[in-house]
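In what follows, a structure is listed as structure tokens, so that the remarks can point back to it.
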Amino acid sequence: MKKLLLSLVFILSFPANSYADSGVRDSLERMFELTDMQAMIDSSHAQINQMFSQMAKEQNISDEQKVIFEKHRKKLQRMLVESLSWDKIKEPIIEAYSQVYTKAEIDELIVFYESPLGQKMIKKMPELMQVSMQVMQETSMSLIPQMQALQEEFQRELREQEEI
């Protein structure tokens, strides 16, 4: 999920040069329709929201803090919906795909996504994303103590440098 968000931010940072000719654009539109890209984006928003809520549970925040947390969770959700909606990112995604894939390759992907295995993959993708997100969250949580120790070491070295 983090990779998806980073990829989206990266893609959005490119200038809007039009690499997609009409044939490529039409094929990409068909592929995005088959893969239900808009639903995948919406699902990623929900998963990020769920991850944010899970972090609150793991932090054992007080009832007073929960009010503040909930306010910020809602702000994050609005920000995701407004900034990373399919309508906003569709054109940069089309540009990115058209730079990476040829029309022939996109057409082959369409054939795959229309196949029974391709359809199964599409249907299983939300489940796979959720499981992957959980793995990433658990892995990230295990790194927090190491990241905190590194931050403390960094701060200590900065203080020592200032004393010189």
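A short reminder: the numbers here are calculations on the coordinates, not readings from a lab. What you are looking at is a predicted structure, and each value in this text was computed from that prediction instead of being measured. Note that each Cβ is placed from the backbone with ideal geometry, even for glycine, and that neighbours are counted across all protein chains shown.
Numbers for the structure displayed
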quantity	calculated
For the chain: relative contact order, % (alpha-carbon pairs under 8 angstrom, 6 or more apart)	40 percent
Amide H contacts under 5 Å for Tyr101, placed H, 5+ residues apart	none
Separation of the Ser140 and Met121 label points, Cα + 7 Å toward Cβ, nm	2.6 nm
Separation of the Gln155 and Leu76 label points, Cα + 7 Å toward Cβ, nm	2.2 nm
Positive dipole terminus of region 2-163, leading residue within Ile89, Thr102, Thr35 (C-beta point charges)	Thr35
Separation in nanometres of the label points that stand 7 Å from Cα toward Cβ, at Lys66 and Glu33	4.6 nm
Nearest-0.05 FRET efficiency for Glu162 and Trp86, computed from C-beta distance (R0 35 Å)	0.10
